[in-house]
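The values are calculated or read from the model by the stated rules, or taken from the named source; none is laboratory data. As the structure is a computational prediction, the values presented were derived from the model and not from experiment. Using ideal geometry, Cβ is built from the backbone for each residue, glycine included, and neighbour counts are taken over all protein chains shown. SASA here: full protein model, heavy atoms, side chains in, ligands and nucleic acids out. Shrake-Rupley method; radii C 1.70, N 1.55, O 1.52, S 1.80 Å.
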Amino acid sequence: MSAGAAVRPIAVIGGTGPLGMGLALRWARAGETIIIGSRDPQRAQKAAAAIQQKAGPQAQVSGMENAAACAAADILMLTVPFEGQAALLKQLKPAITEGSILIDATVPLAAGVGGRASRTLGVWQGSAAQQAAELVPKDVSVVAAFHNLSADLLNGLEDQGDAPLDCDVIVCSDDPDAAQLTRELAAKIPGVRALDGGKLENARIVEQITALLIGMNIRHKGHAGIRVTGLPPGAYR
Ligand SMILES: NC(=O)c1ccc[n+]([C@@H]2O[C@H](COP(=O)([O-])OP(=O)(O)OC[C@H]3O[C@@H](n4cnc5c(N)ncnc54)[C@H](OP(=O)(O)O)[C@@H]3O)[C@@H](O)[C@H]2O)c1
């Protein structure tokens, strides 16, 4: 499988938030066809227009309600807060196309239930990504990725969101083909290297790292990311 430009649209579910918009911007620039999903189609269209303006006239970006976005794509990027993840997936289940790939970036932050953003919640299944895998149709492959990227840097703080990121993306999945496609998408973001993080169960570790990075960001007023060193060149994409 390959995420060929303008062939397989990527639906970014909850794509009106900072992470979804940042990923959509970077992928639109790289030639991918993007559908921004939202609970509100007008909000989706507004976000799509903002990305289009930043990415340029050649970019292919549209916006629609989440279920319509799911139905129009078989690569789904889920970028919603943990507290909304389960209910949204239950609602979207009938709209998800057979054989789709769902890439989940959800971090189960305690902030969602009034706690600290630098702490996480225990998830019965082990991770937010494993919770997602329980809720999607059986033939949907779930991939965990993009947890450790700063949305601020993706969108650009003092630029148009075109500066390279100094960050690796660890990709976890039980489906090697879906993981490879996700690593290809990650590598389309300038500066990002994608790494095979093994099975989906390892998502619990990658999700936790984000809480640690948030704590560092609060202490140092920064936008921390991670780099994994010491692997042979072939391990990095
Ligand atoms: N921000 C980052 O730097 C970053 C980095 C790595 C990972 N993450 C993780 O990625 C996810 C998205 O992050 P974010 O900062 O972009 O999140 P966000 O701004 O809080 O939410 C993203 C979008 O999700 C939708 N949404 C909010 N509450 C919802 C609910 N209860 N049910 C359904 N949809 C809901 C909203 O879109 P509509 O109202 O338009 O539907 C919102 O714009 C989170 O799980 C976060 O922990 C974030």
Subject >> Failed item, numbered, when residue 16 is tested on (1) open to solvent by 20 Å² or more (accessible area, probe 1.4 Å); (2) over 18 Å from residue 189 (Cβ atoms); (3) assigned to a helix (DSSP H, G or I); (4) not small (Gly, Ala, Ser) >> reply: (3)
Subject >> Residues of segment 93-123 classified as within 12 Å of the ligand (Cβ to nearest atom), part of a loop (DSSP other than H, G, I, E, B) and without any contact (Cβ under 8 Å) to a residue 60 or more places away in the chain, total >> reply: 1
Subject >> Tally of residues being of a type in the set (Val, Ile, Thr) and more than 17 Å from residue 47 (Cβ to Cβ) across segment 73-99 >> reply: 3
**OP:** Please go through segment 19-58 and pick out each residue that is part of a loop (DSSP other than H, G, I, E, B) and open to solvent by less than 10 Å² (accessible area, probe 1.4 Å).
**Re:** 32
Original post:
For segment 64-83, what are the residues that are within 13 Å of the ligand (Cβ to nearest atom), part of a strand (DSSP E or B) and open to solvent by less than 10 Å² (accessible area, probe 1.4 Å)?
Top reply: 77, 78
Original post:
For segment 84-94, how many residues meet the condition of being surrounded by 18 or more Cβ atoms within 10 Å (Cβ to Cβ) and more than 19 Å from the chain's Cα centre (by Cα)?
Top reply: 0
**OP:** Examine segment 70-89 for a residue that is over 27 Å from residue 158 (Cβ atoms), in contact with a Lys or Arg (Cβ under 6 Å, 6 or more places away or on another chain) and touching a residue at least 24 places away in the same chain (Cβ under 8 Å), and state whether such a residue exists.
**Re:** yes
Original post:
Do any helices (runs of 4 or more DSSP H) entirely within segment 124-208 hold 1 or more residues that are surrounded by fewer than 21 Cβ atoms within 10 Å (Cβ to Cβ) and among the small types (Gly, Ala, Ser), and if so, which?
Top reply: 151-155, 176-187
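Take segment 17-36 and flag every residue that is closer than 8 Å to residue 63 by Cβ and near the ligand (Cβ under 9 Å from one of its atoms).
36
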Original post:
Does segment 203-221 include one or more residues that are away from the ligand (no atom under 16 Å from the Cβ) and within 21 Å of residue 28 (Cβ to Cβ)?
Top reply: no
